[in-house]
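What follows is a single structure, written as structure tokens, with notes after it.
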């Protein structure tokens, strides 16, 4: 398949490499072209504009936020202008439901296909093709993309015909992860101040009712208070909670835990912790309990 | 071993039966003696007072709340009076850290052993000897009890020498479960109002990052809005959140999510939902989103 | 002075009438021209476009929200196009800090003056020229406008040279009012459920430490559960809390009570209460306490 | 009238002095007798036990908390033992609704009168006889005490026949004050970070909708960040919020702002700020906004 790939950051570079390895004819675009060098060395073509990367059967965008996606799609020489009728844009970035609605409408208006397919997984999972993909769009379009999803992830969940619903599922998932971080933070602040060994405590949790990846991954970061280097930055976590709250507001759904998380992230950012891992929320629970919290102090 | 067992409710009756099956000489006590009949038929002795049940090597208490434990231990003809020097009281109920401290001091004063060993697991797990046990106490005493724990549960975690720490771990665990219920409730209110299929959504969660028993158990109750009959009543969940907040207050640890849960439980109780399963917290998130929520209305 | 006035709603019509009475040469504009009839009958000129209303020394905008102000200022035949260099736009609407920043920059770029002068007071106060005005802008411009402020309000507070600061003060004030509503709602739910007479309770509050207009006005609405007809609609209150949170987010200031208010407003809106008075927040506190709350049920 | 007065702290000493000045035959009791010296010099009798102070027509208790009142009333040689049938105990301390219920029942059982009459006002107001008194009890008993209330306060509000209702009103009032502190704290954090002058801002608030003593008193403390010396200590504020939440829990009334205040107070106490004025809650809002907050740092 002729595939364009736009966005070669921590996630995208691993994903693009996997597509190339699987034998697809890959054209890549990145704002800073240097990041494309390795892929070009392995046989990818380099596009000078997003639109040029969008001239194949499918173009994938994997970018940091709404603004980056808007620039790449709606800008001059952008995806919308470059994509042929019938070709498909797969948006895999974590973006707002509102932008997904705009993208769906714009591509429909241009006779192009559009599939939302955000992912769960950190950069290691992207590189190892172990992502979980949540896809939504017209059934034929989603089916056409399935071969690519099989290359990129370990499993694809097709959730709906309307692309924005996949984005809502993704945002709600990040909300659930952040809530796990916050509640673990509070629980560790409690048992830690009581003098219980943090590693022992985590061992109990993950070997009883809480034996899921989310508790293991974030539980060990929190138990060890290891908030740097970041796997996913607090400022990006804040962005996603804002997007979840924005989607919920549009539907008139109050989410008090999400509101609390928004305030916690603001506190962390105001303390200079935006570039820490988002699990650093837990350091605020310790600080509010009067416990020493070196990373916060250091920032 | 000569074992006394006090409290033959949903949890205790299965546990006592397992001890009997394992060949221990069992003496049981329950406030309403009728519940002891089956066990007596299988060979258990029936005590007329808690103190009488406490005359063996070990006595286990498995009761509903602090008041029940206080009555059984400190009352006339109670455990404290009946237990011989050197014999051990194993408290397996979910009680306050403060009461565990009082019990530890009282038994120490009387030359008796005391082990806190609260459990994770619902009545089915108790009957199937699949409980998780969190134990704390003097190492020798805990070790002496291990044979009994092996009969009652699938795994024992020894967390500390001070018995109240096991109770704190248990309470913090129930806090974490209630937090999962609340956050799932908010997430389902969001995706449900957006028209996403609730079962599909749960399938995504439990097959990606949230594949732990706590998400499977409560996720399916919430996805199906099946809040009755109760596995664990909302009013007991409220009790445990109060105890967690009480322990946190004594340590000066603010826990904002726990505070939010306390308010949610109060709302549920004030709406007449105290006897629903505690997962009915999720119905409040739906109601606040303006979604029909039949069970709340019905109560 | 030759004054243009744009926006003849509940607030604006009384304000414009006062300017006319004071002898100013008034040109009015309103999207639905019918609302201008009485003023025209009293001698005001009727403009066909916002820009036409902006050809005098000063033009005042008093509109419902950001979108209305943007349309009137930046639209074709708008205020920005119509205002002469050196003439002044006084923005008295409750708008976002971000829009005030855009307006300030746009007018500065066009060599025009810009003063932010939002007001405290309900329609009765506007009609009676009893508004409180919070003004910010270049000192000379503000001083030039003072004669108009004296006609419109009982007192003007000049807070800063940068216009957006007046908008921030206004938004923070509406936050404080909403917080009074919420806390009174909780207090009345408590004492009301205890069987204390609501009117007696209010009498105590307003005659001791809480003898301010905000407690008298909203206290009596809440004591009597009189949430319709609205003096200020819940959906507008929600808008203002959102704007306050937006301004706070831009400054990285967490405001947990404002977050809680946002969720309460969302709940009220989702229950169909958006057109009730914003004091209807208090009905949610009663409902969550299991108390009958007819207005919520009726909506 | 023969009046006993128990509790000569910051509030009680001024109140007792006013009773003496008004010509009442005063017998005083204080745990540390030294505090009674000045009053004895002015003609008061000194009792050796609380019971001895309770032998007149009326005995007033004005103590720090539930524990102090319980000790003085139920202890040996206490008020309950010393008070004659028909004589009246006036409880003016800020105590729990639950203790007020116990006191009412105990005195009724002993054929004694009991009036709850907690006050609003700081020590200066007590000394100046400017307290506001909220009274509840049997109408005849309250009427009998009115002459004393007239000496102690500027106004008495009789709220109910059941004494505990006066305590509930008092606790709800302290909740409302703490909520004002918290919301002012958030508002000042916002406008302060925006560079608006804090004194100017307070001037606007107190001269418009917020012209009540509670905003003037606490607004100026917060505007100037003057949290020491304390007028009312944070740890006492925390106590009162706990009592309000306890009373609300007994009635199944969720109060989310009160929950938030409880967490804020816990944070302040855990940071070592328990002896600051309770308005120091506002320093937490500043700290969470990343603003320098010297007093918190210093503690």
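Please treat every number below as a calculation from the coordinates, not as lab data. This one's a predicted model, so the numbers in the text were calculated from it and none came from an experiment. Cβ sites come from the backbone with ideal geometry, for glycine too, and all protein chains shown count toward neighbours.
Annotations for the structure displayed:
- Span from the region D:19-54 Cα centroid across to the region D:235-265 one, whole angstrom: 35
- Each peptide in C:230-241, A:50-61 was scored by the mean count of other Cβ atoms within 10 Å over its residues; highest first, the order is A:50-61, C:230-241.
- Across D:110, D:247, D:141, mean-square fluctuation computed from a Gaussian network of chain D (C-alpha pairs under 10 Å connected) peaks at D:110.
- Each of D:70, D:37 was scored by other Cβ atoms within 10 Å of its Cβ. Arranged with the fewest first, they read D:37, D:70.
- Gyration tensor verdict on region A:2-162 (Cα atoms; rounded if a/c is under 1.5, prolate if a/b is larger than b/c, oblate otherwise): rounded
- If you run the Gaussian network model on chain D, springs between alpha carbon atoms under 10 Å, then out of D:34, D:125, D:258 the most flexible one is D:34.
- Each residue of chain C gets 132 Å³ once the volume of the Cα convex hull is shared out per residue.
- Alpha carbon centroid spacing (whole Å) that separates region A:176-234 from region D:133-186: 46
- By average C-beta atoms within 10 angstrom, highest first, the peptides B:24-30, D:154-160: B:24-30, D:154-160
- Within a Gaussian network of chain C (alpha carbon springs, distance under 10 Å), most fluctuating of C:167, C:18, C:207: C:207
- Backbone N atoms of region D:54-84 closer than 16 Å to the 7 Å Cα→Cβ label point of residue D:235 belong to residues D:64-68.
- Paramagnetic label reach from residue A:207 (point 7 Å along Cα→Cβ; backbone nitrogen cut-off under 15 Å): within region B:102-126, residues B:120.
- Distance in nm between pseudo-label sites at residue B:105 and residue D:224 (7 Å out along the Cβ direction from Cα): 4.4
- Residue by residue along A:34-40, Cβ atoms of other protein chains within 10 Å of the local Cβ number 0 on average.
- Taking the DSSP beta bridges with both ends in region C:2-161, the antiparallel portion is around 10 percent.
- 7 Å along Cα→Cβ, label-point gaps from residue D:40 to other copies, nm, shortest first: 6.6, 8.8, 9.6
- Where chain C is rotated onto chain D, the residue of C whose Cβ comes nearest the axis, and that gap in whole Å, is C:212, 2.
- Number of partner chain Cβ atoms within 10 Å, mean per residue of D:201-208: 6
- Shape category assigned to region C:146-299 from the gyration tensor of Cα positions, a/c cut at 1.5: prolate
- Label distances, nm, residue C:197 versus same residue in remaining copies, Cβ-directed 7 Å point: 4.7, 6.1, 6.5
- Counting only DSSP H runs of at least 4 residues, each contributing -39500 (n - 2.57), and dividing by the residue count of chain D, the helix-based mean residue ellipticity at 222 nm comes to -16500 deg cm²/dmol.
- Note on residue C:143/residue C:52: beta-carbon distance plugged into 1/(1 + (r/R0)^6) with R0 of 22 Å gives a FRET efficiency of 0.25.
- Hypothetical label at residue A:122: residues of region A:176-218 whose amide nitrogen lies under 18 Å (7 Å Cα-Cβ projection): A:176-185, A:199, A:202-203, A:206, A:211-218
- Shielding by other protein chains, A:267-275, mean Cβ within 10 Å: 4
- Cβ-vector label at 7 Å, residue B:216, separations to other copies in nm: 1.5, 6.5, 6.6
- Its Cα gyration tensor gives the protein assembly as shown an equivalent ellipsoid; the semi-axes, largest first and in whole Å, are 53, 47, 24.
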